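Asker: Got a structure for you, written out below as structure tokens; questions coming shortly.
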Amino acid sequence: DGGITQSPKYLFRKEGQNVTLSCEQNLNHDAMYWYRQDPGQGLRLIYYSQIVNDFQKGDIAEGYSVSREKKESFPLTVTSAQKNPTAFYLCASTGLHSNQPQHFGDGTRLSIL
Amino acid sequence: AQKITQTQPGMFVQEKEAVTLDCTYDTSDPSYGLFWYKQPSSGEMIFLIYQGSYDQQNATEGRYSLNFQKARKSANLVISASQLGDSAMYFCAMRDVNTNAGKSTFGDGTTLTVKP
């Protein structure tokens, strides 16, 4: 079945460490997104990408970085510059038509050690 | 800029009753899509229903229907015959057809609790 796979499900970061969250999709979608969700809150857009080798900052990009070397993959790196990384991270993708919803992965919960 | 407002942080409904979750939006674009998603406590986001800005009829999907009032810029979700499994957070979102990459704007969500 087509879908989005995020890994790992849980991740712990030490002080000063960079960590990378994986996001893979086999839906043949062009656009991919990363969101951050704090407890009881809505989704905030970190980065998004429309095509391979191109991506744009969202509303809260500071302390994060991404790459889009393949259509299927859109990994997110949480750098040591992100001082408050504890959150739930969701990856999503969608097709070109305006009536297409975003498809989401199951998320990664990141915590500080 | 687009904006989605969900004014109900939390809602309670008795099992088997209907409930309406409010959503108002703001955009200057004539073409847009409105979506509702459900997020159970496990965290995954589940697409529920879609309404296009030019659709003449309100969207329905099983127990879900969308009360779309374009002039008032509202797109309320109606859940009929609530079930315990409907307890979750619900998000309203808008996709601008003119925005690159299909970016969507999400509301802050409404937490629905279904009481037995």
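Asker: When we measure straight from the Cα of B:K16, which lysines land under 25 angstrom away, once same-chain ones fewer than 8 places off are left out?
Answerer: Cα-Cα hits under 25 Å: B:K38, B:K115.
Asker: Further question on the same structure: Rounded to the nearest Å, what's the spacing between the alpha carbon centres of the stretch A:14-53 and the stretch B:65-112? Just the number, please.
Answerer: Cα centroid to Cα centroid, the span is 21 Å.
Asker: Apply the Karplus parameterisation 6.51 cos²θ - 1.76 cosθ + 1.60, with θ equal to phi minus 60°, to every residue of the stretch B:73-81 and state each ³J(HN,Hα) to the nearest whole Hz, in sequence, with x for glycine and proline.
Answerer: 6, 10, 9, 7, 8, 10, 10, 8, 6
Asker: Work out from phi, with θ = phi - 60° and the Karplus expression 6.51 cos²θ - 1.76 cosθ + 1.60, the ³J(HN,Hα) of each residue of the stretch A:50-61, listed in order in whole Hz, and give x for Gly and Pro.
Answerer: For the stretch A:50-61, the Karplus curve yields 9, 9, 4, 6, 9, 7, 10, 6, x, 7, 9, 6 Hz.
Asker: Residue by residue through the stretch B:109-116, which ³J(HN,Hα) values in whole Hz follow from phi under the Karplus form 6.51 cos²θ - 1.76 cosθ + 1.60 (θ = phi - 60°), with glycine and proline marked x?
Answerer: x, 10, 8, 9, 10, 9, 8, x
Asker: Here is a further query. Would you tell me the mean number of C-beta atoms belonging to other protein chains that fall within 10 Å of each C-beta in A:38-44, as a whole number?
Answerer: Taking the mean over all residues of the peptide, I get 5.
Asker: Name the residues whose placed amide hydrogens come within less than 5 Å of the amide hydrogen of B:A18, ignoring near sequence neighbours (fewer than 5 apart) on the same chain.
Answerer: The list, which skips near neighbours in sequence, is B:A81, B:S82.
Asker: With a Cα-only, solvent-free Debye model of the protein assembly as shown, what are the log10 I(q)/I(0) values at q = 0.08, 0.10, 0.17 Å⁻¹?
Answerer: The computed values of log10 I(q)/I(0) come out as -0.29, -0.46, -1.24.
Asker: Roughly how big is the protein assembly as shown's charge dipole about its Cα centre, with Cβ charges of +1 (Lys, Arg) and -1 (Asp, Glu), in debye to the nearest 20?
Answerer: Charge dipole of the protein assembly as shown: 320 debye, to the nearest 20.
Asker: Another one. State to the nearest 20 debye the size of the charge dipole of the stretch A:1-61 about its Cα centre, where the only charges are +1 on K and R beta carbons and -1 on D and E beta carbons.
Answerer: Result for the stretch A:1-61 is approximately 280 debye, rounded to the nearest 20.
Asker: Across chain A, what fraction of all alpha-carbon pairs, as a whole percent, falls in each successive 10 Å bin from zero upward?
Answerer: Here the calculated profile for chain A is 15, 50, 29, 5, 0.
Asker: How many angstrom lie between the Cα centre of the stretch A:86-113 and the Cα centre of the stretch B:1-46?
Answerer: The stretch A:86-113 and the stretch B:1-46 have Cα centres spaced 17 Å from each other.
Asker: For the pair A:S73 and B:S28, what calculated FRET efficiency results from E = 1/(1 + (r/R0)^6), where r is the Cβ-Cβ distance and R0 = 30 Å, to the nearest 0.05?
Answerer: E(calc), rounded to 0.05, equals 0.30.
Asker: Follow-up. Once amide H atoms are placed 1.01 Å from N in the peptide plane, what residues at a sequence separation of 5 or more from B:N76, or on another chain, have their amide H within under 5 Å of its amide H?
Answerer: B:C23, B:N67, B:Q69
Asker: Using the count of nearby Cβ atoms within 10 Å as a rough guide to exposure, how do B:Y32, B:Y90 rank from fewest to most?
Answerer: Sorted ascending by nearby Cβ count, the order is B:Y32, B:Y90.
Just so you know, all these numbers are worked out from the coordinates, no wet-lab data involved. All of these numbers come straight from a predicted model, not from anything done at the bench. So basically every Cβ, Gly included, is an ideal-geometry build from the backbone, and we count neighbours across all protein chains shown.
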